[in-house]
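Below: one structure, written as structure tokens.
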Amino acid sequence: MQEPNTSPAFLRYMDGFLNLLARICVLLAGIAIVVMTGIFAWLVFGRYVLNDTPTWVEQVSLLLVMVIAFLGAAAGVHNHTHLSVVVFRNIVPPYVRTVFVVISDVLLAGFGGMMFWYGIELTKFKWNTLIPLIQWSEGMRSLPMTISGLLLFLFSTGHLIRLYMGRDLRQDNIDQG
């Protein structure tokens, strides 16, 4: 396994682009958590101090949860911190482990591609309907899923390219010896 700085230029550019996308996902998910915390503080203040409950908080927080969940999951796939079960990969010989890694990356890329494709259809279908209380497009609910699908496809394809070129850096997946 070679060091990342000796990787071909294509891999360095691809890694830089995918790392930037993952950082943007984490940043947006973090901002969404902060905003959601703030609006829930406003909900409590409005309800118990002003005796006037803001009704829009629930709908906005549902949108923010979608951003947090889907963009956070996509970044987790890229950074290898997403929930995974590796017990079977860790007890099999290295060549079988590599097959498991390829299968999981291919399945994840396919799943991401389907999320993207059908997410576009769902977002277009719901775009002209408004969310009650906030009057935003219903398509905003499925937009994070659609974007996450594209990101899952890109991140998984990037893992497969690195694996094919013998430059996969994931510690628990491939025999390092």
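The residue that is surrounded by the most Cβ atoms within 10 Å (Cβ to Cβ), among those in region 13-63 that are in contact (Cβ under 8 Å) with a residue 60 or more places away in the chain and either touching a Ser or Thr at 6+ places or on another chain (Cβ under 9 Å) or closer than 30 Å to Ser156 by Cα (or both), is Cys25. Cβ separations smaller than 6 Å between residues 6+ apart or across chains give the following pairs from region 147-168 residues that are closer than 15 Å to His80 by Cβ and in contact (Cβ under 8 Å) with a residue 60 or more places away in the chain to residues that are of a type in the set (A, V, I, L, M, F, W, C) and part of a loop (DSSP other than H, G, I, E, B): Asp168/Ile174.
Screening Ser104 with (1) farther than 19 Å from Ser61 by Cα; (2) loosely packed, with under 14 Cβ neighbours inside 10 Å; (3) not basic (Lys, Arg) gives one miss only, at (2).
Of all residues in region 134-171, exactly one satisfies the criterion of being acidic (Asp, Glu) and either surrounded by fewer than 18 Cβ atoms within 10 Å (Cβ to Cβ) or in a helix (DSSP H, G or I) (or both), namely Glu138. Looking across region 64-85, the residues that are of a type in the set (Gly, Ala, Ser) and surrounded by 15 or more Cβ atoms within 10 Å (Cβ to Cβ) come down to Ala69, Gly72, Ala73, Ala74, Ala75, Gly76.
Taken over region 117-133, the criterion of being part of a loop (DSSP other than H, G, I, E, B) and surrounded by 15 or more Cβ atoms within 10 Å (Cβ to Cβ) is satisfied by Ile131 alone. Scanning region 44-65 for residues that are in a helix (DSSP H, G or I) and under 14 Å from Ile134 (Cβ atoms) yields Val57, Glu58, Gln59, Val60, Ser61, Leu62, Leu63, Leu64. Among the residues of region 79-116, the ones that are modelled with pLDDT under 80, β-branched (Val, Ile, Thr) and not in a loop (DSSP other than H, G, I, E, B) come to 1 in all. The single condition among (1) polar (S, T, N, Q); (2) farther than 20 Å from Met140 by Cβ; (3) modelled with pLDDT of 90 or more that Thr53 does not satisfy is (3).
The values are calculated or read from the model by the stated rules, or taken from the named source; none is laboratory data. Model, not experiment: these values are computed from the prediction. Cβ sites come from the backbone with ideal geometry, for glycine too, and all protein chains shown count toward neighbours.
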